[in-house]
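Report on the structure given below.
Please treat every number below as a calculation from the coordinates, not as lab data. Not measured: the values here are computed from a predicted model. Counting neighbours? That spans all protein chains shown, and the Cβs are built from the backbone with ideal geometry, glycine included.
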Amino acid sequence: MSISTQSTDGRWSSRWLFVLAAAGSAVGLGNIWKFPYIAGENGGGAFVLIYLVCVACVGAPIMISEVMLGRKGRASPINTMRKLTQAAGASSRWTFLGWMGVLAGILILSYYAVIAGWALNYIWLTASGTFDSASAQVATTTFDQLQQDPLTMMGWHGVFMLITIWIVARGVSRGLETAIKWFMPLLFVLLLVLLAYSMNSGGFAQGWAFMFDFNWSVIGPETWLIAMGQAFFTLSLGMGTMMVYGSYVPEDSHIGSTVLTIVALDTFVAVAAGLAIFPLVFVNGLEVGQGPGLMFVTLPLAFGQLPMGAVFGTVFFVLVSFAAITSAISLTEPAIAYVVEEYNAKRSRVAISLGVFCWILGLGTVFSFNIWADVKPLLGLNFFELVDQLSQNIMLPLGGLLIALFTVWALPQTIVREQLEVGSDRVMLCWRVVGGVIAPLGVAAVFIYTLLPLFTG
Ligand code: PHE
């Protein structure tokens, strides 16, 4: 197999478009649904502080490594790793990293599209007034009914996949860039609108306290691991997404400052989402539910009790859907870029095939909520839980660990200096300690922590 030197499908037209695209990948269900909840439950302000340390010491260095490898390799993650291992005289086994990323992207997309399909369904439900002055019973039953109905879930899962694949099939500049140019500014506007609405709801002080009051009593070693795992998923690290997006980055952009901007945007959205969500929950005297319940039961119920709730509830689910779409397109890119460059295949055909494949794979997740709920093939986990655990808790951390190790210990440091535009030896030493020691150790800790309970029960 020849190593294609031709660039993948295109280039971002500016550094800012890369920032928006990478932020689009990073900002997703992880920010709007997961972060607020785990921050509130794990010590509020104290957790936010720990999370920021994890982002700075583990997330940012790994993102810098991925973008750097991509920009140097200028190809899909698989071929980037092939080229760079050759240049470094390193073992070609590192290419495994690229393959694992492709697989992780496919697995994550298969269930991400199912959950995002629920959000699409909820745009319609909220807009049509299902939750107007609804009782808790109605909100719970609506969500239960959706989960018990594989056909409806398959339909919305299909709609989400169609939108994603339609954007991806159009290519980097006509598809990805155009979608990102529209969706990202809109996403920020919608978030600010919701924030303003929430500030006027009467529960803002309570919401603020829930997220930011320092509650040191619940902080323990586990908090660090939860924060690190979250930093990982939310920043889209460890599976080649940032590598392939990095391969489209213009030559003249400074990687360090660009990555810091992306990380800051992602964190801003996560915090703002929490501040938009919790006041609405508290002002209605509701419980901060766990998992999917917060977004699909508690929030619709809260919106339903508030003035103009149907309008703002709809705005909320449009926001979630936009965020999920810009993440989903980034999940497909490592695979699509590879097939297109390796086999000179037509991008639209590859995109459609991948979409159909992921949709079919996603049926396993759809059925995990109903007809296969009790089918637990391995480790007492159902299909959805298995795919989720394998991709999120095993493949992403392993990918991140190897990326950091490769960049610092296998890649010639002249390449790193040139890519990061670093002159000073002291800065290089600092980079090697953080990127080559602290970040891999941090990831290894998360890795062992999430893996052990799987086998010890
Ligand atoms: N970062 C996305 C989110 O927070 C999920 C994602 C993970 C996207 C890995 C791409 C790659 O929802």
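Using r as the Cβ-Cβ distance of I394 and S133, and R0 as 41 Å, what FRET efficiency do you calculate, to the nearest 0.05?
Numbers: r = 45 Å, r/R0 = 1.09.
With a Förster radius of 41 Å, E is 0.35.
Considering only alpha-carbon pairs that sit under 8 angstrom and 6 or more positions apart, the relative contact order computed for the stretch 15-456 is 35 percent.
Positive end of the dipole of the chain (Cβ unit charges, origin at the Cα centre): among F282, S91, T130, the Cα lying farthest that way belongs to S91. Pairs of Cα atoms nearer than 8 Å and 6+ residues apart set the relative contact order; for the stretch 200-345 it is 33 percent.
Note on S257 and A345: their simple-model spin labels are 4.0 nm apart, each label 7 Å out from Cα toward Cβ.
When you filter the GluC sites (Glu not before Pro) in the stretch 209-312 for DSSP loop state and at most 14 other Cβ atoms inside 10 Å of their Cβ, you are left with E251, E287. Using Cβ point charges alone (K and R +1, D and E -1), the dipole size of the chain about the Cα centre works out to roughly 1200 debye.
Among 134-142, 325-333, the peptide with the highest mean count of other Cβ atoms within 10 Å heads the list, and the full ranking is 325-333, 134-142.
The calculated 222 nm mean residue ellipticity attributable to helices in the chain amounts to -22500 deg cm²/dmol, summing -39500 (n - 2.57) over DSSP H runs of n ≥ 4 and dividing by all residues. For the stretch 273-361, a Kirkwood radius taken over Cα pairs fed into Stokes-Einstein (10 °C, viscosity 1.306 mPa s) yields D = 101 µm²/s. Placing unit charges on each Cβ (+1 for Lys and Arg, -1 for Asp and Glu) gives the chain a dipole about its Cα centre, and among Y111, V422, N215 the Cα reaching farthest toward its positive end belongs to V422. Overall shape of the stretch 163-292 was characterised from the C-alpha gyration tensor. The equivalent ellipsoid obtained from it has semi-axes of 32, 21, 14 Å, in decreasing order.
Spin-label pair L378-I438: with each label point 7 Å from Cα along the Cα-Cβ axis, the two points sit 3.5 nm from one another.
In the stretch 15-456, taking the dipole from charged Cβ atoms about the Cα centre, the farthest positive-side position among T407, G43, M395 is held by T407. Here the calculated FRET efficiency for V189 and M308, from their Cβ-Cβ distance with R0 = 25 Å, stands at 0.90, rounded to the nearest 0.05. Taking label points 7 Å from Cα along the Cα-to-Cβ direction, W166 and S353 give a separation of 2.3 nm.
The overall shape of the stretch 10-152, judged from the alpha-carbon gyration tensor, is prolate: a/c is not under 1.5, and a/b is greater than b/c. Both radii are taken from the alpha-carbon atoms of the stretch 64-145; with Rh as the Kirkwood radius, Rg/Rh is 1.36. Computed over neighbours whose Cβ is under 13 Å from that of F278, the net charge equals -3, Lys and Arg +1, Asp and Glu -1.
Taking the C-alpha atoms only, the angle from helix 347-368 to the longest principal axis of the chain is near 50 degrees. Which shape class, rounded, prolate or oblate, goes with the chain when its Cα gyration tensor gives a ≥ b ≥ c as root eigenvalues, a/c under 1.5 marks rounded, and past that a/b bigger than b/c marks prolate? Prolate. Computed 3J(HN,Hα) for the stretch 209-222, one whole-Hz value per residue from the Karplus formula 6.51 cos²θ - 1.76 cosθ + 1.60 where θ = phi - 60°, is 4, 4, 8, 10, 5, 6, 10, 6, 5, 8, 7, x, x, 5, glycine and proline marked x.
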